[in-house]
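The values are calculated or read from the model by the stated rules, or taken from the named source; none is laboratory data. Worth saying up front: this structure is predicted, and the values here are computed from it rather than measured. Note: ideal-geometry Cβ built from the backbone for every residue, glycine included; neighbour counts use all protein chains shown. Heads up: the accessible areas ignore ligands, DNA and RNA and are worked out on the full protein's heavy atoms, side chains in. Shrake-Rupley method; radii C 1.70, N 1.55, O 1.52, S 1.80 Å.
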Amino acid sequence: MKVVKFGGSSLADANQIRKVCDIVLSDSKRRIVVVSAPGKRFDGDVKVTDMLIELANKKLNNEDYTEALENVVDRYRQIAKGLGLGEDAANFVKHDLTDRLNSKIDSNAKFMDFMKAAGEDNTAKLVAGYLNSIGEKAVYMNPKDAGMLLSNEYGNARVLKQTYENLAKLRDMDELVIFPGFFGYSVDGEVVTFSRGGSDVTGSVIAAAVNATVYENFTDVDYVFCANPKVIKEPKPISYFTYEEMRELSYAGFNVLHEETLEPVYRKKIAVNIRNTNNPQSPGTLIVPAERADRVSGENPVVGIAADKGFITVHVEKYMMNREIGFGRRLLTLFEKEGVSYEHAPSGIDSISVIVKEKNCPKDKLERITEAIRKELEVDDVVVEHGLAIIMLVGRGMSKTVGIASRATTAIARASVNIRMINQGSSEVSIMFGVHEDDVEKSLIALYDEFFR
Ligand code: ASP
């Protein structure tokens, strides 16, 4: 049994939805289909989820939302028309949205999630309706009836354990199941969404719950590429890699899957196949458990290079730091108290740097943290540096290969870039380099040339 998920660009208009249905019907093992809301049809177009957010904001600010509502309904009207479903389908969406807008929800965050969820919910109903209209046995599945239980963290929900048991019964359904992605219900019965892009997570949770043989994630690229195509011209495709490698790459800016997608399938060792709705012949990229990924010798030990900007370094110095028991814990507690998670913490004997993401650590928090470090830890110096970029060289084979770090540093040096930090994770799946943001493209090109050209 396969669980298949289609992203927004795969459902952007009627033509795309026909392709989706052809793909689903071409393989009888594809039994559960998770859909996103319609995405962009062309560069500069607006995703339905963004239109719904705008609509919800207008309502919350007591502004006139007639046009915003009509814009969303019109997207669905065009889709329904293109699928030959008639005006009723569009009216149904209009009713649904009007009901949501008039609901008496007492908190803005709850209301926002309720509105956002309308995108995938109506899409799932339309897709099921279309399949029925062409004589296929398909049903829309409401996440509440299915038991998709989430924590009540609005806009950023997590899956509750019970969900896996609840969803296991989807395995026994006779009909093709069309399941809306991105949202579920809290224990109190309220609609809650994952963070943006969360339909990937829905698909993964269902795949794990029903013990699928594979989780197929259809998007609009033939493969995952080994480096960002916006920086590297025609980078090499990756035909397969492991969950751990994918995790490291997506951490550093590979935006192929939502960050939390892999956890459910990872535990069940279910392979993920990233594929292209616009070119279903292409086998795509397979993400597999480590034991299934023993690369043949001679293969490139590096599978991909990723980079991300927007990091801050808080560099702390104190003479004899290494003898002071609990120093590291007390330092990190100061970040914890401000609700700031740290990303890395490379250290020397008398110094330690705590690296955080700029977006998680606004100016006021940063000031309070550095002030507390000075006062409470009696350090010799605290220096904050902005504009750090992180480059990840990823590949399981690296740990068994001599000379990777040396080749990488030499390549970066050839590009006249100063490396500000090096960190090799204990898992040895990746080597991290910290460079100034202005140097990141140069470094990427140098590393790509070294390992892939
Ligand atoms: N439609 C939602 C978003 O745009 C969720 C998703 O597509 O996965 O974020």
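Does residue 50 meet the test of being within 16 Å of the ligand (Cβ to nearest atom) and open to solvent by 10 Å² or more (accessible area, probe 1.4 Å)?
For residue 50, the condition - within 16 Å of the ligand (Cβ to nearest atom) and open to solvent by 10 Å² or more (accessible area, probe 1.4 Å) - is met.
Filter the stretch 106-155 down to residues that are touching a residue at least 60 places away in the same chain (Cβ under 8 Å) and within 11 Å of residue 192 (Cβ to Cβ), then give me how many there are.
Number satisfying all stated conditions: 5.
Restricting attention to the stretch 243-273, which residues are buried (at least 23 other Cβ atoms within 10 Å of the Cβ) and assigned to a strand (DSSP E or B)?
Selection gives 272 alone.
Has the stretch 7-15 got any residue that is over 25 Å from residue 270 (Cα atoms), within 16 Å of the ligand (Cβ to nearest atom) and open to solvent by 70 Å² or more (accessible area, probe 1.4 Å)?
No, there is no match, as no residue in the stretch 7-15 is over 25 Å from residue 270 (Cα atoms), within 16 Å of the ligand (Cβ to nearest atom) and open to solvent by 70 Å² or more (accessible area, probe 1.4 Å).
Which members of the stretch 141-172 meet the condition of being over 21 Å from residue 29 (Cβ atoms), of a type in the set (Asp, Glu) and more than 20 Å from the chain's Cα centre (by Cα)?
145, 165
Checking residue 4 against (1) open to solvent by 10 Å² or more (accessible area, probe 1.4 Å); (2) in contact with a strand residue (DSSP E or B) (Cβ under 7 Å, 6 or more places away or on another chain), which single condition isn't satisfied?
In the conditions (1) open to solvent by 10 Å² or more (accessible area, probe 1.4 Å); (2) in contact with a strand residue (DSSP E or B) (Cβ under 7 Å, 6 or more places away or on another chain), residue 4 misses (1) alone.
So which helices (runs of 4 or more DSSP H) are wholly in the stretch 132-235 and hold at least 2 residues that are within 16 Å of the ligand (Cβ to nearest atom) and open to solvent by less than 30 Å² (accessible area, probe 1.4 Å)?
The helices (runs of 4 or more DSSP H) meeting that bar are 199-209.
Mind checking which residues of the stretch 16-40 are within 14 Å of the ligand (Cβ to nearest atom) and open to solvent by 70 Å² or more (accessible area, probe 1.4 Å)?
40, the sole residue that qualifies.
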